[in-house]
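Read the figures in this text as sums done on the coordinates, not as results from a lab. Note that the coordinates shown come from a computational prediction; the quantities given were computed from them, not determined experimentally. Reconstructed Cβ throughout: ideal geometry from the backbone, glycine too, with neighbour counts over all protein chains shown.
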Amino acid sequence: MENGNRPTPEFRREAVRLALTSGRTRREIAEDLRIGLSTLTRWLSQERDAIEPSETPIDLHAELKRLRRENAVLKQERDILKKAAAFFAKEGSR
């Protein structure tokens with residue numbers, strides 16, 4: 001992000017998502033996104049403050065089941081793409 005440009009809300013949400021889920025340090029993410037570490041920390045704090053404590057609790061069992069289904073579909077899609085890439089690579093070498 002260059003100096004003088006205001007980040008879009010989508011950029012901010014994606015930065016926060018990366019900080020919360022990527023397993024990388026905040027400093028690494030801030031450097032990659034070319035924002036200040038203090039800016040990223042402030043966005044994370046604002047995100048935490050925006051979450052209402054009265055939100056319905058997540059049904060972890062249902063969420064795990066949904067994620068496993070999604071993971072299975074993604075693995076199938078990946079396998080199909082691998083087979084297609086191998087097929088087209090073989091066709092292209094003829």
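Summary table below
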item	result
Three principal axis lengths of the chain [C-alpha, angstrom, descending]	56, 41, 22
Options Phe88, Ile58, Thr8, ranked by Cα towards positive dipole end of the chain, top entry (Cβ charges)	Phe88
Computed helical MRE - 222 nm, the chain, DSSP H runs ≥ 4 contributing -39500 (n - 2.57), nearest 500	-24500 deg cm²/dmol
Sequence-distant lysines (8 or more away, or on other chains) whose Cα lies within less than 17 Å of Lys75	Lys65, Lys83
Folded to 0 to 90 degrees: helix 9-21 orientation relative to the chain principal axis, Cα	80 degrees
Estimated dipole of the chain in Debye, rounded to 20 [Cβ of Lys and Arg +1, of Asp and Glu -1, Cα centre]	500 debye
Sites excluded, GluC sites (Glu not before Pro) in DSSP loops with at most 13 other C-beta within 10 Å, longest stretch of the chain	3-54
